[in-house]
Amino acid sequence: MTDGPWSHMRNASVADDIEFEIKGQELQFLEIELDPGESAVAEAGAMVWKDASVGMTTVFGDGRGAEGGFMGKLLGAGKRLITGESLFTTVFTHNGTGKARVAFSAPVPGAILPLKLDAHGGTLICQKDSFLAAARGVSIGVHFQRRMMTGLFGGEGFIMQKLEGDGWVFVQMGGTLVERTLGAGEELHIDTGCVAAYTAGVDFDLISAGGVRSSLFGGEGLFFARLRGPGVVWIQSLPFARLAARMVAASGTGGQNRGEGSVLGQLGNLIDGD
């Protein structure tokens, strides 16, 4: 690791070597520094600025070059479409001399989490729209929850992204981020939308949130995500879907302010015919 705020990425096999700095607090952006010939891959539309010597190439899938041929690229792009991402990613390559930088921003208030995949078993499972950027060489795929109940009722947790490789990835989380390390057999119950990411050794399932009264009036939904160790879990406090739902609900009040926590909020909407 270098001196100062810059963290150095060193990978011996697959991913490029790049340096990075995460700036800001609630509205963060990621700044990556490239040596000549080095590349970073990012979600389409995430770039904030770049030095002139950094070239841009839009590609199918995750930008790993000719690996797998045309059909491999097409399959990779299809996987990204399933997870709610664009069919394309953008590869940024330093074509000049010396150092060059490119910066990316998260689309929602929250945190950008840098993770080195080979320090977590080479695989990270994360929420389907959380990928921001990575060193070139990281695979961006799709992860389906296999259990029947999770598939039927898992919502945001049913289809997730799978990031594989030995390099660094940057994932975007909503609100404040909490990291929990679970021992073997240790369980954690989380709102399904607040599961930001977890390592491959963690078992993901759904459990009932409680009785009918709790499910209907408690405001927590019918199910919790049950995550069982061993492994590491990252929890986000403000998933974008929750923020969007609150904004839509607030805009549909017709100018009347019943209060977000009002017991009559949803009942009032029904009475009003909304």
Quiz prompt | At R0 = 25 Å, FRET efficiency that the Cβ-Cβ distance of Met56 and Asp35 yields, to 0.05 | solution = 0.90
Practice problem: Using packing as a proxy for protection, rank 228-237, 18-27, 131-140 so that the peptide with the highest average count of other Cβ atoms within 10 Å comes first. | Solution: 131-140, 228-237, 18-27
Exercise. Can you pull the one-decimal nm distance between simple spin-label points at Lys23 and Glu186, each 7 Å off the Cα toward Cβ?
Key: 3.7
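Values in this text are rule-based calculations from the coordinates and carry no lab data. This is a predicted model, so every value here is computed, not measured. When we count neighbours, we look across all protein chains shown, and the Cβ atoms used for this are built from the backbone with ideal geometry, even at glycine.
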